[in-house]
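Everything on this sheet refers to the single structure shown next.
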Amino acid sequence: MEFFQSMDVDQLETLGVEVVEGEHPGSTYYAAELRNDIDQANRAAQQAGISVRFVAAKN
């Protein structure tokens, strides 16, 4: 979460990441949510020179 909070808005948009700080007033939900496909986000990161890569969780 802190990593994504430190990024500028353009980088977050490029990756397709949205920082969520509470779903509603009083909510304690805080997260960085990937809204793009993982492969698409990784291609965008590589092309933009952003040093982050995403991997799918293994169940």
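The values are calculated or read from the model by the stated rules, or taken from the named source; none is laboratory data. Computed from a predicted structure; not experimentally measured. Because the Cβ atoms are built from the backbone with ideal geometry, glycine has one as well, and the counts that use them run over all protein chains shown. Ligands, DNA and RNA are excluded from the accessible area calculation, which covers all protein heavy atoms including side chains. Shrake-Rupley method; radii C 1.70, N 1.55, O 1.52, S 1.80 Å.
Whenever you get a sec, compute what percent of the accessible area on the chain sits on carbon and sulfur atoms (1.4 Å probe). Percent of accessible area from carbon and sulfur atoms in the chain: 45. Where (i) -0.64, -1.24, -1.28; (ii) -0.61, -1.04, -1.08; (iii) -0.73, -1.19, -1.22 are the candidate values, the label of the one calculated here for log10 I(q)/I(0) by the Debye sum over Cα atoms at q = 0.18, 0.29, 0.30 Å⁻¹ is (i). One decimal place: the segment VAL55-TYR29 gains 7.1 nm when fully extended, by the rule 0.36 nm per residue minus the C-alpha distance.
With everything on Cα atoms, drop me the angle between helix 38-48 and the longest principal axis of the chain, reported from 0 to 90° to the nearest 10. In the chain, helix 38-48 runs at an angle near 70 degrees to the longest axis.
Are there GluC sites (Glu not before Pro) in the range 10-47 that DSSP puts in a loop and that have at most 14 other Cβ atoms within 10 Å, and which ones? Intermediate results must be reported in sequence, preceding the final value.
On the way: sites: GLU13, GLU18, GLU21, GLU23, GLU33; in loops: GLU23.
Those satisfying the criteria are GLU23.
Each residue of the range 49-59 was assigned a 3J(HN,Hα) from its phi angle through the Karplus expression (A = 6.51, B = -1.76, C = 1.60, θ = phi - 60°), giving x, 8, 8, 8, 9, 10, 10, 6, 5, 9, 7 Hz with x at Gly and Pro.
How charged is the neighbourhood of LEU34? Take every other residue with its Cβ under 15 Å from the Cβ of LEU34, and add Lys/Arg as +1 and Asp/Glu as -1.
Working: positive: ARG35, ARG43, ARG53; negative: GLU13, GLU18, GLU33, ASP37, ASP39.
In short, -2.
The H on the amide N of VAL17, modeled in the peptide plane, is under 5 Å from the matching H of ARG35, each at least 5 residues off or on a different chain.
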